[in-house]
Amino acid sequence: MSVEKESPERLKKEIELLKKERGAVIMAHYYQTGDIQDIADYIGDSLALARIASQVKEKVIVVCGVHFMGETAKILCSEKTVLVPDTDAGCSLADSCPADEFEKFVNEHPDHTVISYVNTTAAVKALTDVVVTSGNAREIVETFPKEEKIIFGPDRNLGNYINGITGRKMLLWDGACHVHEQFSLEKTLKLKKEHPDAKVLVHPECKKPMQLIADKIGSTAVLLKYAGESDAEKFIVATESGILHQMQKEYPHKIFIPAPPSDSTCACNECSFMKLNTLEKLRDCLKNMSPEIIVDEKIIEKARRPIEKMLELSEKIK
Ligand code: 13P
Ligand code: SF4
C-alpha cells in the first residue's frame with residue numbers, strides 16, 4: 001500500500017504555525033533540500049550556522065543539517081532546546097574519526113596543538129584546542145607561529161590543502177567525506193571541454209586532482225559568493241548538489257552544472273545524511289519537540305572553548 005505524500009504547501013503552513021507556537025528558529029545548511037532551505041529563517045555554511053546559533057534569541061533552535069551541526073549549536077547554547085529533524089543524519093567524515101582513537105593519536109603527540117574541523121563529534125571537539133571550518137581554516141592555522149606543531153583532523157584533503165597553501169607540515173588524521181571523494185576528475189575534465197567558458201568550483205574536501213583544476217576552492221558560502229562576483233556565466237560545481245539550489249536562486253541568469261561523480265548510476269554527489277531531513281520530519285520535530293540533541297555536560301564544558309575560540313578568531317580575521 002503506497003503512503004500518500006502530504007502537500008508541501010500544507011506542511012509549510014503547519015511549520016510556520018508551530019514555529020511561532022514554540023518560539024523556534026529554523027536554520028538550514030546549503031546541502032538541505034530546496035524546500036527546507038526556502039522555509040528556513042537562516043541558511044548558511046557550517047561557520048555561519050555556528051555563528052548564528054551563538055547569537056539567536058529564540059529558546060528553541062531547529063538545525064536542518066547533520067548531527068554534528070546540531071551538537072555545535074547545543075554546545076554553544078546548552079540552555080536551549082536544539083532539535084534536528086532526523087538524528088540519524090550523521091556524517092561519514094565525523095564517523096572517520098572516533099573519539100577514542102583520536103585521543104590516542106593526540107596523546108602520542110603531546111607537544112602538538114590540536115586543530116579540528118567542525119565536522120567532528122562533540123567528543124572529538126572536547127579533545128581540541130581550536131575548531132575550524134573550511135571557511136576559516138587557513139586564517140586560523142596562520143594565527144599560529146610557523147614552527148607550531150599541529151595535529152589537524154579529520155579531513156585529509158582539507159588538511160593537505162591547508163598544508164599546501166600555508167607551507168605548514170601539520171600532522172593529518174586520515175579521514176574523508178564519502179561524497180566529496182566521489183567526484184571524477186576525468187568526467188569533470190570532459191565536462192569542462194564541453195563548457196570551456198565554465199569556472200570550476202571545488203570544495204576543499206575533494207581530492208587533490210579535483211582541487212588542481214579548480215578556479216576557486218572554498219566552503220559552500222565562499223563558492224556561492226564567488227559565483228555571484230565572478231564575470232563568468234557558467235560554473236561546474238564540485239560539492240554536494242544542495243548548494244545548486246541557492247546558487248540558482250541567487251543568480252538565476254547564470255548556469256550551474258553539478259560535477260559528475262565516478263559512478264554515474266548513483267546520486268553520489270548527494271549527501272544521503274543531509275537528505276534524511278524532510279519537510280514532514282521538520283514539522284514533526286516542532287510538533288513533538290523531538291528528536292532533541294543531548295550532549296553530556298562534561299563534554300559541553302570541554303568542547304565549548306575550542307568552538308568559541310574559532311568564533312572569536314574568525315571575527316578578528318573577517
Ligand atoms: P561547509 O563548511 O562548506 O558548509 O561544509 C560542510 C560540509 O559538511 C562539507 O561537506
Ligand atoms: Fe559529512 Fe560529507 Fe555529508 Fe558534509 S557532505 S555532512 S562531510 S558526509
>> Please determine whether any residue of the stretch 201-209 is over 17 Å from the mean Cα position of the chain (by Cα) and hydrophobic (A, V, I, L, M, F, W, C).
In response: no
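Could you tell me whether any residue of the stretch 17-30 is more than 16 Å from ligand 2 (Cβ to nearest atom) and in a loop (DSSP other than H, G, I, E, B)? Please lay out each step first, then the result.
Filtering the stretch 17-30 for residues more than 16 Å from ligand 2 (Cβ to nearest atom) gives 17-26.
Restricting the remaining residues to those that are in a loop (DSSP other than H, G, I, E, B) gives 23.
The answer is yes; a qualifying residue exists.
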>> Any residue in the stretch 300-318 that is farther than 14 Å from Leu76 by Cβ sitting within a Cβ distance under 6 Å of a residue that is buried (at least 16 other Cβ atoms within 10 Å of the Cβ) and of a type in the set (A, V, I, L, M, F, W, C)? List the pairs, counting only those 6 or more apart or interchain.
In response: Leu313/Ile140
>> Of everything in the stretch 272-297, what is farther than 30 Å from Lys20 by Cβ and under 20 Å from the mean Cα position of the chain (by Cα)? Give them in sequence order.
In response: Ser272
> Across the stretch 98-115, what is the number of residues that are buried (at least 21 other Cβ atoms within 10 Å of the Cβ) and within 16 Å of ligand 2 (Cβ to nearest atom)?
Replying inline: 0
> List the pairs whose first member sits in the stretch 173-195 and is modelled with pLDDT of 95 or more, whose second member is more than 16 Å from ligand 2 (Cβ to nearest atom) and of a type in the set (S, T, N, Q), and whose Cβ atoms are under 9 Å apart, counting only residues at least 6 apart or on separate chains?
Replying inline: Ser184/Ser264; Lys187/Ser264; Lys190/Ser184
> Can we say Leu158 is closer than 24 Å to Tyr226 by Cβ, aliphatic (A, V, I, L, M) and within 14 Å of ligand 2 (Cβ to nearest atom)?
Replying inline: yes
> Hey, Ser78 hits all of (1) within 25 Å of Leu223 (Cβ to Cβ); (2) of a type outside the set (Asp, Glu); (3) not in a helix (DSSP H, G or I) but one; which does it fall short on?
Replying inline: (1)
> Could you give every pair whose Cβ atoms fall below 7 Å, whose first residue belongs to the stretch 250-278 and is farther than 24 Å from Gln211 by Cβ, and whose second residue is in a loop (DSSP other than H, G, I, E, B) and within 14 Å of ligand 1 (Cβ to nearest atom), counting only separations of at least 6 or pairs across chains?
Replying inline: Leu276/Ala89; Asn277/Gln32; Asn277/Ala89
>> Quick check on the stretch 223-234. Is at least one of its residues within 15 Å of ligand 2 (Cβ to nearest atom), closer than 28 Å to Ala40 by Cα and in contact with a Pro (Cβ under 6 Å, 6 or more places away or on another chain)?
In response: no
>> Let me spell it out: the conditions are (1) within 16 Å of ligand 1 (Cβ to nearest atom); (2) outside any strand (DSSP E or B), and Leu201 meets all of them except one. Which number is the exception?
In response: (2)
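Listed here are the residues, each with its yes/no results for (1) crowded, with 16+ Cβ neighbours inside 10 Å; (2) within 16 Å of ligand 1 (Cβ to nearest atom).
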{"site": "Val62", "(1), (2)": "yes, no"}
{"site": "Thr72", "(1), (2)": "yes, yes"}
{"site": "Thr81", "(1), (2)": "yes, no"}
{"site": "Leu93", "(1), (2)": "yes, yes"}
{"site": "Ser96", "(1), (2)": "yes, yes"}
{"site": "Tyr117", "(1), (2)": "yes, yes"}
{"site": "Thr143", "(1), (2)": "no, no"}
> Regarding Leu93, is this residue in contact (Cβ under 8 Å) with a residue 24 or more places away in the chain, within 16 Å of ligand 2 (Cβ to nearest atom) and outside any strand (DSSP E or B)?
Replying inline: yes
> Looking only at the stretch 220-236, which residues are in contact (Cβ under 8 Å) with a residue 40 or more places away in the chain and touching an Asp or Glu at 6+ places or on another chain (Cβ under 6 Å)?
Replying inline: Thr220, Ala221
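The values are calculated or read from the model by the stated rules, or taken from the named source; none is laboratory data. As the structure is a computational prediction, the values presented were derived from the model and not from experiment. Please note: Cβ atoms are built from the backbone with ideal geometry, for glycine as well, and neighbour counts cover all protein chains shown.
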